[in-house]
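After the structure tokens below, expect a handful of questions from me.
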2 protein chains.
Amino acid sequence: MSGLATQATQDYLKVIYQVCEDHSRASTGQIADELGVTPASVTGMLKKLAASEPALLSYRKHQGAVLTPEGERLALQIIRSHRLLECFLHDTLGYAWDEVHEEAERLEHAISGPLGRRIADLLQEPEHDPHGAPIPTRDLQMPADCSVPLDELTPGQDACVKRVSDRDPQLLRYLAEISLIPGTELTLLQPLPFSDHVRLRYGGDNEAIIISARVACQVFVIPHQRAGEAGKHDCLIAGEQLT
Amino acid sequence: MSGLATQATQDYLKVIYQVCEDHSRASTGQIADELGVTPASVTGMLKKLAASEPALLSYRKHQGAVLTPEGERLALQIIRSHRLLECFLHDTLGYAWDEVHEEAERLEHAISGPLGRRIADLLQEPEHDPHGAPIPTRDLQMPADCSVPLDELTPGQDACVKRVSDRDPQLLRYLAEISLIPGTELTLLQPLPFSDHVRLRYGGDNEAIIISARVACQVFVIPHQRAGEAGKHDCLIAGEQLT
DNA sequence: ATAATTTTTTAGGTATGGCTAAATGCTACT
DNA sequence: AGTAGCATTTAGCCATACCTAAAAAATTAT
């Protein structure tokens, strides 16, 4: 009742989990986009996953899907496998951080529970993948992530890069080049007038760096609390759910 | 024209290659047994693989299949991946030699060419998997294997264990227990009368050890040439083919 | 409120790769 | 040479998971 699940099922659960982290329900269209299939295919699959025993998600017509606790458990297993594999490929096999995602995407469906555990042991239970995304714990709790997109920071505010999106290898190479990587301390400068670009200062040299909004919204930071200011973004517990 | 191939296709090519190592053609029934599917399914699949472009095997009704050079290339890729993974799981992740086969069986379909190469680099291009089976080289040549089943040795003959079958974890645990592992030097003693068991002497102590024929035929050894005796088993080049 | 637009669902099809049952072809024996 | 027994193939079917095109529902704009 818990070991199996086709690769397609695993892929659906994974993206539904991730979509639900932002919007509380995952719509047919969003899932279709993420998986690169047509919305019609998604409708069919959602029905199947909702009707399976035990149900992996709950689905109501025209209102998308939410995972059941069982579905979420499976989703977290895949996500843990994926992120552990990314760490492993990066740390042990010397993969660049823009190469790990694609490879892990295929391997995540093939590794067994014991193999996942051995990898985690070897790496001493890492907490983040190479892009800074939190790794669900051994007992499948998703650590809280209180980061916000860089472009939502208030000008003048200091922050620390927590994680970056791992989807686009080109973006990752660019970010590595400009050293905008997890752990980087930065300050958001005043915006350019008539521009959707963002100005930052960070690193050893005192240069201001300008990045496009398309990039900025893929970089997630933890704002530093400023004295006397109520936290605009209090650390909300994300991805928690009662089981 | 060479990257893809479904998992089922890969499984078929792999077992056809292995069956053809012994018998020059692989029969429908043998393939079905190895894959755990019905002969009817095999017939259907062989037709498909023979009709594909490029053809991966040649198939004639009632006469089974042989791989084409292209099919053999793919088979050797999978076998190389499988055996590299076994080494990796064993050497780097501390798997026992009876655990590696099953895990590698799933992973072999998921790893990319580059990942295979990185693993081979990390392990410094190993020549044998943990059970002693030869690993196809980087350019997909299968190294010659001139070993013979232990039970085909002439009584009194000395030999060195080359490899053991990796199929049965229980057998592997047993062999590890009695230290009948690749590299072991041994002498075949006179057979027991009225018995299909085999008597051996090896290891530090001078004890004779008795193993059943069922075990003996799964252990492959390289006989030592005895002075004045023409080699009964000359080293034949196995698995070679012009491309 | 109604119309236009977008999203989602339904209906009907395709390709893979399995299965069973029945028919056919091979092989070995008398 | 005929036939029994085994291996193989054919025929017809099932499940998964995808697709397209058309219908229906929801959302947005007028």
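The values are calculated or read from the model by the stated rules, or taken from the named source; none is laboratory data. Note that this is a predicted model, so its numbers are computed, not measured. Here the Cβ is made from the backbone with ideal geometry for all residues, glycine too, and neighbour counts use every protein chain on show. In case anyone asks, the SASA skips ligands and DNA or RNA and just uses the protein heavy atoms, side chains included. Shrake-Rupley method; radii C 1.70, N 1.55, O 1.52, S 1.80 Å.
Suppose every K and R has +1 on its Cβ and every D and E has -1 on its Cβ; what is the size of the dipole of chain A about the Cα centre, in Debye to the nearest 20?
In debye, rounded to 20, chain A gives about 720.
Each label point is 7 Å from the Cα along the Cα-to-Cβ direction; what then is the distance between the points at B:CYS217 and A:GLU152, in nm?
6.8
Something else now. Just want the answer: with Cβ charges of +1 for Lys and Arg and -1 for Asp and Glu, which residue in A:VAL161, A:ASN206, A:LEU171 is farthest toward the dipole's positive end in the range A:148-223?
Most positive-ward Cα: A:LEU171.
Suppose only helical runs count, i.e. DSSP H with n ≥ 4. What mean residue ellipticity at 222 nm does that imply for chain B under -39500 (n - 2.57) per run, divided by all residues and rounded to the nearest 500 deg cm²/dmol?
-11500 deg cm²/dmol
Could you pull out every residue, at least 5 positions away or on a different chain, whose amide H is within less than 5 Å of the one on A:THR184? Hs are placed 1.01 Å off N in the peptide plane, and Pro or chain starts have none.
A:VAL161
When N is the residue count of the range B:1-130, what does its C-alpha Rg come to as a fraction of 2.2 N^0.38 Å?
1.10
Buried accessible area between A and B (1.4 Å probe, both chains summed, ligands and nucleic acids excluded), in Å² to the nearest 100?
Using a 1.4 Å probe on protein heavy atoms, the buried area is about 1400 Å².
Assume the label is 7 Å from Cα along Cα to beta carbon: what separations in nm does B:ARG138 have to the matching positions in the other copies?
Those label-point separations list as 3.8 nm.
Percent of Cα-Cα pairs per 10 Å bin, from 0 to the last occupied bin, for the protein assembly as shown, please list those.
It works out to 4, 15, 21, 22, 17, 10, 7, 3, 1, 0, in whole percents.
Related question: Which chain B residue hugs the B-A rotation axis most tightly by its Cβ, and what is that distance in angstrom, to the nearest whole number?
B:ALA110, 2
Compute the accessible area per residue over the protein assembly as shown, keeping the other protein chains in place, probe 1.4 Å, unit Å².
Value for the protein assembly as shown: 52 Å² per residue.
In peptide A:107-116, what is the residue-averaged number of other protein chain Cβ atoms found within 10 Å of each Cβ?
Numbers: counts 6, 1, 3, 10, 4, 5, 0, 4, 7, 0.
Partner-chain Cβ atoms within 10 Å, mean over residues of A:107-116: 4.
Another one. Suppose R0 equals 30 Å. What FRET efficiency, 1/(1 + (r/R0)^6) with r the Cβ-Cβ distance, do A:GLN7 and B:GLU125 give to the nearest 0.05?
The pair A:GLN7/B:GLU125 has a calculated efficiency of 0.45.
Among the trypsin sites (Lys or Arg not before Pro) in the range B:139-219, which ones are in a DSSP loop with at most 15 other Cβ atoms within 10 Å of the Cβ? Mind listing them?
Qualifying residues, ordered by number: B:ARG167.
Also, I was wondering about something else. Over all directions, what mean area does the Cα convex hull of chain B project, stated in square nanometres?
15.3
State, to one decimal in nm and shortest first, how far the label point of B:GLN170 sits from each corresponding label point in the other identical copies (label point: 7 angstrom along Cα-to-Cβ).
With the label placed 7 Å along Cα→Cβ, B:GLN170 yields 5.7 nm.
Moving on. Of the heavy-atom accessible surface of the protein assembly as shown (probe 1.4 angstrom), what whole percent is carbon and sulfur?
Within the protein assembly as shown, the accessible surface is 53 percent carbon and sulfur.
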